[in-house]
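A.B. asks: Got a structure here, written out as structure tokens. Questions coming.
The values are calculated or read from the model by the stated rules, or taken from the named source; none is laboratory data. This structure is a prediction, so every number in the text was calculated from the model and none was measured. Neighbour counts are summed over all protein chains in view; Cβ atoms, including those assigned to glycine, are modelled from backbone coordinates with ideal geometry. All accessible areas refer to the heavy atoms of the entire protein, side chains included, with ligands and DNA or RNA removed. Shrake-Rupley method; radii C 1.70, N 1.55, O 1.52, S 1.80 Å.
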Amino acid sequence: MAEFITDDSWYALLQECLHKNHPPGTYELPVILLLGLPGTGKSSTLAQIAGSIGKPRSPVVSLALHPEPHVSVTDVVQRLAYNLEKLNGVKMPRTVFTLVVLGLNAELDDAKLEKQLEEQLHGKPRITREDLEPWKDLASLLPDFGIYLKILISLAEFFGRHYDAVGRVHGTARSWLAGRVRGNILDLARDHHKRGADRVEFAQGILLEAFLEDLAQGWAKRRYPRNLLLTLDDAETPVGGAFLHALVAARTRRAQDSAVMDPLVVVAASKTWPKGVTGWTRPGTPGTGRPPLLAESSYDGWLARRGQGEQAWWYPVLLPPLPDGRAGAPYASAIHDLTGGYLHATRELTELLRSAGDDHKFRGILHSDHTLHRLLPDHLPQRDRLVAWSAVRNVDDAENTAFEGTGSASHLRQDLADQLWLTTQSEEANRSGERTASGGAEITVLHPWLRRLLLHRLSVKETHWNQVHEAMERFYGNHDGAAMYHKLARVTAGDDPELGAVVAFLSERFGPLDAYGRRGSRLQEWIHLYEQVSSAPNRLPLDVDVEQLYDSLAVDPAQTERRERTSVIRELVVARWFWLDPLLDPSGRRTDDIAREFRQLAGFTKTGRAILTREAERYEQRPRR
């Protein structure tokens, strides 16, 4: 398996939060939500975070909430309390006492509940001082054995004092709990087991308050070098979400009561947008307050952007995609262009294509492995409509288009945002197909890897592919560039009339734009149009030799020895169409063809030779994939 450099952009945020600990109880701390698609390294990042705590040691707790039946918030708190008391030496008296109360048999009356509580807390009756008096008298009457009996009596007195101390601790915890429930603490057991969901939430909320109060008191009494770190994996599970919501609700109540701030720093990893987090905008949905990338996050950034009430505690941050340009793996840049830096897919393709020695083998491996079919995620919402959406360059236009046979698009955008499959790119990148291009407004798009897989699924049936792209042509109407994008997408052979229509369209636009405007030649407008059209998707086969495929499309059958402008534009369109798709040009060498054809086209212009020459130079200077 290929090695990937682990991202450590979490370090700055974590260090800030962990060291907001003096004076204790002063600082409010975020619940950090580490968000990323499945397979983006969340678990390994959590392990890295937990393992980063060096000397002097301070308490760290790590929990993985894999989907398990019948696991409750109470069970999670019990695991935390055990870990803190037994493994980290942090006293949790209120938490333990409340857990014991919640575990009582709610069917019993108060007297029997009280007896059960006493038995649970002490385990066995305590030896009192009055119990020991007869044994002291006996020891004075038996001089031969008295010394041994006195030792036993002393041990009994010691354990009696120990039980007294335990009793005082339980008394303190009981007084705290009675103050919180403002009534009979035994009713809390009935709330937890018998009285409906709202009372269960009430009981769990009291338990979380006990947990936070114990932490606040523990850090106030002992100088720890850092705050408490809790890493929580699989936070998208029902119990994970319930625990986090109970935690922030308890924090909110404590803040309203002006209680001492707790020292808990939570880093919870989730593969979906957490339910109930409304103070931030999900990626790909309208609004302000978008989560930062992990490297851009900070404690002060959280303070500046936090919401009100329970929303004030959340701090969602996004795991970044893998950067491009990593060395050491064949076709690394082509793989990055295919996956958009999605870690899971990058690892899979890097391993699969390790033996790809040339472009032909690269394409052949992906074809024989059925990779694009095999890696399509399960449980995608409204799959039929989503497959049709993949043909559209942005989500706004897809949402506004009616596709035959795909049903309503109700909530599809929201469902995709919840699953973190939406992202944004610049308007310029969306128009040109070059993802690194900047400029213009932000456009919401499908994640590039998901779109790639969905396009492959759409291409399986030619009639469906054509039907969807024809619907988009009708949608754009007089927006010629956008319509021609979808016309080019339907081309599969050199004699397709759609290819001729696309080339004729660009050739016809060339003449009127080869003129001077207020800022010089207008040919830059033609280049923008050409880029928009040639960024179309395709359903060209993987099992055909790519050179033969290129020649069959790029070479005009009617071409004479002396090339006409139309022939040059045709090869320009096909060359860039291939270059933008790493499945058609894995090594990225079509830039040479694009540059050559721009220089050829410069011979046909009256006003824009410098513009076309600069464009040729831009492609010549681009590195290969």
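A.B. asks: Return the residues of the stretch 204-238 that are among the aromatic types (Phe, Trp, Tyr) and not in a helix (DSSP H, G or I); say none if nothing qualifies.
C.D. replies: The one that is among the aromatic types (Phe, Trp, Tyr) and not in a helix (DSSP H, G or I): 224.
A.B. asks: Among the numbered criteria (1) hydroxyl-bearing (Ser, Thr, Tyr); (2) within 25 Å of residue 306 (Cβ to Cβ); (3) modelled with pLDDT of 95 or more, which one does residue 62 miss?
C.D. replies: Of (1) hydroxyl-bearing (Ser, Thr, Tyr); (2) within 25 Å of residue 306 (Cβ to Cβ); (3) modelled with pLDDT of 95 or more, only one is false for residue 62: (2).
A.B. asks: Could you check how many residues of the stretch 491-516 are open to solvent by 30 Å² or more (accessible area, probe 1.4 Å) and in contact with an Asp or Glu (Cβ under 7 Å, 6 or more places away or on another chain)?
C.D. replies: Adding up the residues that qualify gives 0.
A.B. asks: Six or more apart or on different chains, Cβ under 6 Å: which pairs go from a residue in the stretch 251-278 that's basic (Lys, Arg) to one that's assigned to a loop (DSSP other than H, G, I, E, B) and open to solvent by 20 Å² or more (accessible area, probe 1.4 Å)? Could you list them?
C.D. replies: That search, which allows pairs on different chains as well, returns 271/38; 271/236.
A.B. asks: Still on this model: If you check 93, 69, which single one turns out to be open to solvent by 10 Å² or more (accessible area, probe 1.4 Å), at pLDDT below 90 and not β-branched (Val, Ile, Thr)? Break it down into steps so the answer makes sense when it comes.
C.D. replies: Details: 93 fails: at pLDDT below 90.
After applying the criteria, what remains is 69.
A.B. asks: Another question, then. Working only within the stretch 220-234, note down all residues that are among the hydroxyl-bearing types (Ser, Thr, Tyr) and surrounded by 22 or more Cβ atoms within 10 Å (Cβ to Cβ).
C.D. replies: Residues of the stretch 220-234 that are among the hydroxyl-bearing types (Ser, Thr, Tyr), as a first pass: 224, 231.
Within the stretch 220-234, 231 is the sole residue that qualifies.
A.B. asks: Another question, then. Considering each residue of the stretch 445-481, count those that are at pLDDT below 95 and within 20 Å of the chain's Cα centre (by Cα), and give that number.
C.D. replies: Number of matching residues: 0.
A.B. asks: Within the stretch 24-40, can you find the residues that are over 29 Å from residue 345 (Cα atoms) and touching a Cys at 6+ places or on another chain (Cβ under 9 Å)?
C.D. replies: 27, 29, 30
A.B. asks: Taking the stretch 10-65 as the region of interest, how many residues are under 19 Å from residue 300 (Cα atoms) and either open to solvent by less than 40 Å² (accessible area, probe 1.4 Å) or not polar (S, T, N, Q) (or both)?
C.D. replies: 23
A.B. asks: Another question, if that's okay. Quick check on the stretch 235-243. Is at least one of its residues crowded, with 21+ Cβ neighbours inside 10 Å, farther than 30 Å from residue 319 by Cα and not basic (Lys, Arg)?
C.D. replies: So far as the stretch 235-243 goes, no, none of its residues is crowded, with 21+ Cβ neighbours inside 10 Å, farther than 30 Å from residue 319 by Cα and not basic (Lys, Arg).
A.B. asks: For the stretch 340-354: of the residues being without any contact (Cβ under 8 Å) to a residue 40 or more places away in the chain and assigned to a helix (DSSP H, G or I), which is nearest to residue 586 (Cα to Cα)? Steps first, please.
C.D. replies: Taking the stretch 340-354 first, the residues without any contact (Cβ under 8 Å) to a residue 40 or more places away in the chain are 341, 348-349, 352-353.
After this cut, where a residue has to be assigned to a helix (DSSP H, G or I) as well, the list is 348-349, 352.
Working: 348: 17, 349: 13, 352: 15 Å.
Checking each candidate, the answer is 349.
A.B. asks: Okay, next question. Just checking, does the stretch 590-605 include any residue being assigned to a helix (DSSP H, G or I), more than 30 Å from residue 341 (Cβ to Cβ), touching a Ser or Thr at 6+ places or on another chain (Cβ under 6 Å) and not hydrophobic (A, V, I, L, M, F, W, C)?
C.D. replies: No, because not a single residue in the stretch 590-605 is assigned to a helix (DSSP H, G or I), more than 30 Å from residue 341 (Cβ to Cβ), touching a Ser or Thr at 6+ places or on another chain (Cβ under 6 Å) and not hydrophobic (A, V, I, L, M, F, W, C).
A.B. asks: State the number of residues belonging to the stretch 578-612 that are farther than 24 Å from residue 452 by Cα and open to solvent by 40 Å² or more (accessible area, probe 1.4 Å).
C.D. replies: Within the stretch 578-612, residues that are farther than 24 Å from residue 452 by Cα and open to solvent by 40 Å² or more (accessible area, probe 1.4 Å) number 9.
A.B. asks: Report, ordered by the first and then the second residue, all pairs with beta carbons closer than 7 Å, sequence separation of six or more or different chains, a first member in the stretch 374-387 that is surrounded by 17 or more Cβ atoms within 10 Å (Cβ to Cβ), and a second member that is of a type in the set (Phe, Trp, Tyr) and modelled with pLDDT under 95.
C.D. replies: 385/403
A.B. asks: Something else now. Quick one: in the stretch 585-610, which of the residues that are of a type in the set (Val, Ile, Thr) and under 42 Å from the mean Cα position of the chain (by Cα) is nearest to residue 361 (Cα to Cα)?
C.D. replies: 591
A.B. asks: Taking only the stretch 285-329 into account, find how many residues are farther than 25 Å from residue 256 by Cβ, among the small types (Gly, Ala, Ser) and surrounded by 14 or more Cβ atoms within 10 Å (Cβ to Cβ).
C.D. replies: The number of residues fulfilling the criteria is 4.
A.B. asks: Would you mind listing the helices (runs of 4 or more DSSP H) fully within the stretch 1-87 where at least 1 residues are closer than 28 Å to residue 239 by Cβ and in contact with an Asp or Glu (Cβ under 9 Å, 6 or more places away or on another chain)?
C.D. replies: Output list reads 42-51, 73-82.
A.B. asks: Give the residue, chosen from 315, 299, that is more than 18 Å from the chain's Cα centre (by Cα), of a type in the set (Ser, Thr, Tyr) and at pLDDT 95 or above.
C.D. replies: Working: 315 fails: more than 18 Å from the chain's Cα centre (by Cα).
Of the residues listed, the single one that is more than 18 Å from the chain's Cα centre (by Cα), of a type in the set (Ser, Thr, Tyr) and at pLDDT 95 or above is 299.
A.B. asks: Does residue 338 qualify as being at pLDDT 95 or above, surrounded by 15 or more Cβ atoms within 10 Å (Cβ to Cβ), within 20 Å of residue 424 (Cα to Cα) and of a type outside the set (D, E, K, R)?
C.D. replies: Details: at pLDDT 95 or above: yes; surrounded by 15 or more Cβ atoms within 10 Å (Cβ to Cβ): yes; within 20 Å of residue 424 (Cα to Cα): yes; of a type outside the set (D, E, K, R): yes.
For residue 338, the condition - at pLDDT 95 or above, surrounded by 15 or more Cβ atoms within 10 Å (Cβ to Cβ), within 20 Å of residue 424 (Cα to Cα) and of a type outside the set (D, E, K, R) - is met.
A.B. asks: Still on this structure, please answer the following. Take the residues of the stretch 517-540 that are modelled with pLDDT under 95 and open to solvent by 30 Å² or more (accessible area, probe 1.4 Å): which is farthest from residue 609 (Cα to Cα)?
C.D. replies: Checked the stretch 517-540; the qualifying residue farthest from residue 609 (Cα to Cα) is 518.
A.B. asks: For the stretch 404-411, does any single residue satisfy the condition of being open to solvent by 50 Å² or more (accessible area, probe 1.4 Å), closer than 19 Å to residue 476 by Cβ and modelled with pLDDT under 95?
C.D. replies: For the stretch 404-411, residues open to solvent by 50 Å² or more (accessible area, probe 1.4 Å), closer than 19 Å to residue 476 by Cβ and modelled with pLDDT under 95: present.
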